[in-house]
Protein chains: 2
Amino acid sequence: MEESASTGTLGKAVAVLDAIARADHPVKFRDLRAQIGQPPGTLHRNLSNLMKEGLVRANPDNSYALGYRLLTFASAAWASNRFREIAEPHLRALHEQTGETVHLGVLEGVEVIYLDKVESRQAVRMHSQIGKASPAYCTGVGKAALSILPGDEMRLRVNSIDYHAFTPATIVSAQDLEAKLDVIAHDGFAFDDEEHEVGIHCAAAPIHSPDKSFVGGISVTAPSYRVSREQLETWIPLVVNAAKAINQDISIQLGPRA
Amino acid sequence: MEESASTGTLGKAVAVLDAIARADHPVKFRDLRAQIGQPPGTLHRNLSNLMKEGLVRANPDNSYALGYRLLTFASAAWASNRFREIAEPHLRALHEQTGETVHLGVLEGVEVIYLDKVESRQAVRMHSQIGKASPAYCTGVGKAALSILPGDEMRLRVNSIDYHAFTPATIVSAQDLEAKLDVIAHDGFAFDDEEHEVGIHCAAAPIHSPDKSFVGGISVTAPSYRVSREQLETWIPLVVNAAKAINQDISIQLGPRA
DNA sequence: CCCGTCGTTCCACATAGCGGAACGCCGTTT
DNA sequence: AAACGGCGTTCCGCTATGTGGAACGACGGG
């Protein structure tokens with residue numbers, strides 16, 4: 001439960017935000033106090049400041065939730081994101097071809113953050129998945145993205161992961177992950193064989209900006225009861241081609257120097 | 001262009017975030033420097049700290065954009081929001097009845113932030129509108145929300161608005177707005193007669209938590225070339241009833257004490 | 001090749017955050 | 001009903017941390 005950074009004044013504030021975000025219910029003062037080790041006075045001041053900025057709001061029963069200003073920031077971040085914009089038509093095409101859910105994700109540290117999603121049926125919560133962070137080591141997009149990092153950078157991140165067996169198939173050691181990533185780097189694509197969630201598998205391929213300052217991936221996800229592993233494999237060329245097309249568009253539109 | 005708060009260390013950091021968010025393109029260091037009056041050293045440190053927290057990311061050409069962590073926070077904020085959750089079925093029903101776009105918004109200071117949206121055709125950017133902030137004084141939801149504030153609180157906000165004529169119909173003075181709000185408070189519903197955008201009008205009604213700690217509204221929006229003002233008026237009972245139903249559900253589910 | 005601009009780094013200063021401790025509100029107990 | 005106790009809020013002196021002027025250095029244009 002120990003939180004890492006808390007570097008500087010801003011770090012403390014973000015740690016509070018993070019603690020509130022992790023809980024999926026409004027969170028009481030004492031819970032926050034327990035989760036991050038800030039003394040009462042300090043926590044109270046941090047919350048006050050965050051509220052003043054609209055990043056946190058208080059419910060009448062002195063529980064706290066994330067503020068609405070975060071939505072505004074995220075809206076701006078999403079709408080102005082070039083990568084997402086460039087990738088979108090390719091995601092749609094891939095969805096047309098496969099009929100299954102297509103994801104676009106970006107690697108942030110050792111987590112994947114989903115930037116976009118195209119799915120068949122008008123889902124109850126189309127929006128819910130966007131912005132969601134998942135562990136890189138047990139998702140297709142995450143492994144694809146990790147695989148194209150320079151060796152030392154990759155190893156650094158692989159060793160900093162806190163492994164957790166979400167399913168029987170989850171990779172739970174740095175050695176195993178690194179071996180897998182070597183294979184993926186060679187192949188140019190990755191699978192998630194129910195490593196994050198039982199009954200869900202996917203095929204993924206990496207994308208990146210020319211200088212690798214941005215590293216991510218795309219994937220086609222499906223429930224395994226409906227789509228076989230073999231079927232998934234037949235989609236690999238489609239996924240890989242879409243990823244290649246996106247990489248090319250990124251190079252062109254963002255300038256080869258980038 | 002002058003920014004208001006900047007109170008405390010956190011305020012300075014958020015001011016930077018805000019400046020980046022306002023620009024819809026990645027923004028250069030010098031632009032930021034021009035927009036917020038921070039000296040180079042200070043701005044540079046603020047950006048560094050924000051980047052360390054994942055709230056800002058730098059492009060290779062030293063331009064800056066909002067970071068992906070903001071998406072994660074917003075995702076959590078949205079998914080765990082009770083008001084949105086409670087309102088959702090009513091929004092859907094209202095959309096079924098009218099066939100037009102339905103919005104849910106919350107009043108934050110003198111702005112409306114949109115929490116949810118139900119629209120007919122699978123829009124190209126369903127997600128784009130959510131989180132968007134608009135001036136309260138020229139939107140249906142905003143005026144409806146302002147109208148149910150206690151008199152002194154309402155006047156306070158009305159006087160702090162920086163009025164701007166987006167269209168010929170925009171209300172541009174505190175006096176006019178206050179008069180309008182009195183009428184709206186009496187009626188229980190509000191219109192936006194192309195006050196924010198030419199060719200777009202809407203009918204709205206206020207919603208709130210029992211203690212008014214949360215104040216917002218819902219609206220049915222349509223282009224005026226397709227939907228007449230008269231048609232809009234016939235929808236008023238539907239909108240008002242939906243709002244009432246939401247208010248009731250909020251009271252019940254969040255506890256009458258709240 | 002030199003010069004000017006703009007971003008980065010450095011450092012002494014002052015401020016803003018820090019957190020221990022005292023306060024007071026409320027719900028609970030006897 | 002009164003006293004207790006837990007818990008959030010406020011206060012205040014201390015020091016860490018952010019501040020911003022100034023010097024430095026990296027580009028890019030002339």
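The values are calculated or read from the model by the stated rules, or taken from the named source; none is laboratory data. Being a predicted model, the structure only gives us computed values, none of them experimental. Virtual Cβ from ideal backbone geometry, glycine too; neighbours counted across all protein chains shown.
Which condition breaks for A:N81 when tested against (1) at the interface with another protein chain (Cβ under 9 Å from one of its Cβ atoms); (2) modelled with pLDDT of 95 or more? Every listed condition holds for A:N81 apart from (2). Only residues that are within 14 Å of chain B (Cβ to nearest Cβ) and either among the basic types (K, R) or touching a His at 6+ places or on another chain (Cβ under 9 Å) (or both) were counted across region A:218-258, and they come to 2. Pairing residues of region B:160-175 that are farther than 9 Å from B:H196 by Cα with residues that are among the small types (G, A, S), at Cβ distances under 6 Å and at least 6 apart in sequence or on separate chains, gives B:V172/B:A165. Restricting region A:55-97 to residues that are within 16 Å of DNA strand C (Cβ to nearest atom) and buried (at least 20 other Cβ atoms within 10 Å of the Cβ) leaves a set whose member that is farthest from B:R69 (Cα to Cα) is A:V56. Each residue in region B:129-160 was checked for being buried (at least 24 other Cβ atoms within 10 Å of the Cβ) and out of contact with any helix residue (DSSP H, G or I) (no Cβ under 7 Å at 6 or more places or on another chain), and 4 pass. Among the residues making up region A:24-52, a single one is away from DNA strand C (no atom under 12 Å from the Cβ), at the interface with chain B (Cβ under 8 Å from one of its Cβ atoms) and crowded, with 19+ Cβ neighbours inside 10 Å: A:P26.
Residues that are acidic (D, E) and away from chain B (no Cβ under 11 Å): does region A:88-99 have at least one? Yes, the conditions are met somewhere in region A:88-99. Taking region B:181-205 as the range and being closer than 19 Å to B:L156 by Cα and crowded, with 19+ Cβ neighbours inside 10 Å as the test, the residues that pass are B:L181, B:I184. The set of residues in region A:24-59 that are within 20 Å of B:V215 (Cα to Cα) and of a type in the set (A, V, I, L, M) comprises A:L50, A:M51, A:L55, A:V56, A:A58.
With respect to A:A15, determine if the residue is of a type outside the set (D, E, K, R), more than 7 Å from chain B (Cβ to nearest Cβ) and more than 9 Å from DNA strand D (Cβ to nearest atom). Yes, satisfied. Evaluated against (1) surrounded by fewer than 21 Cβ atoms within 10 Å (Cβ to Cβ); (2) within 13 Å of DNA strand C (Cβ to nearest atom); (3) over 30 Å from A:S251 (Cα atoms); (4) of a type outside the set (V, I, T), B:A13 falls short on exactly one condition, (1).
Scan region A:193-205 and give yes if some residue there is free of Cβ contacts under 8 Å to residues at least 12 places away in the same chain and not acidic (D, E), otherwise no.
Scanning region A:193-205, I find no residue that is free of Cβ contacts under 8 Å to residues at least 12 places away in the same chain and not acidic (D, E), so the answer is no.
Look at region B:24-38: where a residue is over 18 Å from B:S6 (Cα atoms) and a partner is part of a strand (DSSP E or B) and polar (S, T, N, Q), sitting 6+ places away or on another chain with Cβ atoms under 7 Å, you get B:P26/B:S63; B:V27/B:S63; B:K28/B:S63. Could you list, in sequence order, all residues of region B:44-68 that are within 30 Å of the chain's Cα centre (by Cα) and over 14 Å from A:L10 (Cα atoms)? Within region B:44-68, B:R57, B:A58, B:N59, B:S63, B:Y64, B:A65, B:L66, B:G67, B:Y68 meet the criteria.
Filtered by the rule that a residue be β-branched (V, I, T), out of contact with any Leu (no Cβ under 9 Å at 6 or more places or on another chain) and more than 21 Å from B:V198 (Cβ to Cβ), region B:227-248 gives B:T234, B:I236, B:V240.
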